[in-house]
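First the structure, in the form of structure tokens, and then the observations on it.
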Amino acid sequence: MAVGFALSTFTPASAHQPVAILDTDTTAEKGPLLVDGTVSFATRATFSKAGQTRAFRAGLKEGDQLSVQYLIFDRKPESAMKSKQLPQLVITSPTGKKITIKFTERTKFFEPYSQTKYLYLARYSAPAEAGIYSFVATSRAKASVTIAVGDREVEGEVLRGPAPAPTPSATKAAATPTPEPAKTTEALYTMAKVKENDSASSCWSVINGNVYNLTKWINSHPGGASAIRGLCGTDGTSSFNARHRGQSNPTSTLAGYLLGPLEK
Ligand code: HEM
């Protein structure tokens, strides 16, 4: 299996090493991996409209502290936006615990290296579990946000590249020789592939044009396993929208299971 990780550039030690989250970093697996999540990183994500996701991962060890700060530029449009309009950040721990970051403040902060004025909206800190945390931000309007992780001012390492294949079908496709691994990954999320994953042991569903792997959600759904089980292998858009359209909790939960856009 080709798991060609490419190393991104190092920047000199400074307050929060910048990391760009690309528009294609729509799932944690596609997004960059901050190898040591205790090092001070500032990830920057940009959204052009509501309903987009941007994601990355950070590695932590037993005994580490997970430290996350959510910042926006202290300028319009972000500074004029209500908390409800700003992208929602959901962090998933290595054991699957979900943390939805709540906006509790609007504190001014001047970052001297980049001469940038920010507003702190949230600061979160807790003892870390060992393993890879995923960070998924879901937009509710056009906006740009900075998610800072870690606080040790040393050089950090950022890895990018296709994540190890998550499903047997992905392994099959990854084994096919092709010079363009990114294309291969995209081509996985066709309706035909969704239909193959129609069981409780591998449950994919299409919702509003995106493909989700809901396998792990079946037994966690507050509305019962059967509601999710019924979506496996199908386009679940109408069922989901009928029950949950416009609800932030179901929408952000869903974002955590995103595989990618449905290939037409
Ligand atoms: C992938 C699709 C779905 C996701 C991610 C999802 C997510 C959620 C979440 C997060 C809640 C808790 C509500 C909250 O905290 O605000 C919830 C509750 C609920 N969901 Fe879903 N849901 C999905 C699909 C469905 C479908 C298709 C149905 C019905 C056919 C359904 C019926 C319900 C019901 C009835 C509740 C309320 C349970 C209660 O409060 O007792 N859900 N869902």
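Bear in mind that the values in this text are calculations on the coordinates, not laboratory data. Note that the coordinates shown come from a computational prediction; the quantities given were computed from them, not determined experimentally. Please note: Cβ atoms are built from the backbone with ideal geometry, for glycine as well, and neighbour counts cover all protein chains shown.
For residue 108, which aspartates and glutamates qualify as cross-link partners when the Cα separation must be under 16 Å and same-chain residues fewer than eight apart are set aside?
Residue 108 reaches 74, 78.
Over 20 Å between C-alpha atoms is what I'm after, so list which of 195/264; 49/82; 30/117 land there.
Where the Cα-Cα span goes over 20 Å, the pairs concerned are 30/117.
Excluding residues on the same chain fewer than 8 positions from residue 76, give the aspartates and glutamates whose Cα lies under 20 Å from its Cα.
In chain and number order, the partners are 105, 111.
Would you mind ranking 136, 90 by Cβ crowding within 10 Å, fewest neighbours first?
Ascending number of Cβ neighbours within 10 Å: 90, 136.
Taking amide H atoms as placed 1.01 Å from N in the peptide plane, list the residues 5 or more away in sequence, or in a different chain, whose amide H sits under 5 Å from that of residue 156.
11
Order the peptides 21-27, 37-43 from the highest to the lowest mean number of other Cβ atoms within 10 Å of their residues.
Result, highest mean Cβ count within 10 Å first: 37-43, 21-27.
Would you please put 79-88, 66-75 in order of how densely packed they are, using the mean number of other Cβ atoms within 10 angstrom per residue and starting with the highest?
66-75, 79-88
Using the Cα centre of region 42-138 as the reference point, and only Cβ charges (+1 on K/R, -1 on D/E), how large is the resulting charge dipole? Debye, rounded to the nearest 20.
Rounded to the nearest 20 debye, it is 440 debye.
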